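The values are calculated or read from the model by the stated rules, or taken from the named source; none is laboratory data. For clarity, every value in this text was computed on a predicted model and none was experimentally measured. Heads up, the Cβs are rebuilt from the backbone with ideal geometry, glycines too, and the neighbour counts pull from every protein chain shown. SASA here: full protein model, heavy atoms, side chains in, ligands and nucleic acids out. Shrake-Rupley method; radii C 1.70, N 1.55, O 1.52, S 1.80 Å.
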Amino acid sequence: MSEPYRVPVMETDRSKAGLAIHLIATTTGLSARRIASRDRLRDGHCRARWLAMYLSHIAFGWPLERVGHVFGVNRATAGNACRWVEDERDRPELDAMLDRLEALISTLFEAPRCDLPR
């Protein structure tokens, strides 16, 4: 059986998605490695992955197609994840957590870039 087609993704996008995954892992107490896995996920890890997709969509301003490419899913799956999170934002504790993480990411990316000597 042949490998499924994967769209090439820039390293900076992978790093940003990794940041979103690690922030969600830290705030939920779940494994970042498991959240980032390409395997089918269940329960909490699946929802944590959806949160990371949503955070990438909102905090980085990525369109759903780009979110899908970076997370290895199609646009419709990324859209379903983001819709689920939007519905869940009715829960005050989840809404507050996402607000904090969005602000944290904004603060990080508004800071001046620091180029290191080679």
Every residue from the range 20-54 that is assigned to a helix (DSSP H, G or I), without any contact (Cβ under 8 Å) to a residue 12 or more places away in the chain and farther than 19 Å from residue 102 by Cβ: 33, 34, 43, 46
Odd one out for residue 44, checked against (1) modelled with pLDDT of 95 or more; (2) in contact with a Leu (Cβ under 9 Å, 6 or more places away or on another chain); (3) open to solvent by less than 60 Å² (accessible area, probe 1.4 Å): (1)
Every residue from the range 8-19 that is touching a residue at least 12 places away in the same chain (Cβ under 8 Å), within 15 Å of residue 57 (Cα to Cα) and either over 9 Å from the mean Cα position of the chain (by Cα) or open to solvent by less than 50 Å² (accessible area, probe 1.4 Å) (or both): 13, 14, 17, 18, 19
Residues (modelled with pLDDT of 95 or more, surrounded by 14 or more Cβ atoms within 10 Å (Cβ to Cβ) and in a loop (DSSP other than H, G, I, E, B)) located in the range 73-118: 89
Filter result (closer than 20 Å to residue 110 by Cα, in a helix (DSSP H, G or I) and open to solvent by less than 20 Å² (accessible area, probe 1.4 Å)) within the range 55-72: 55, 56
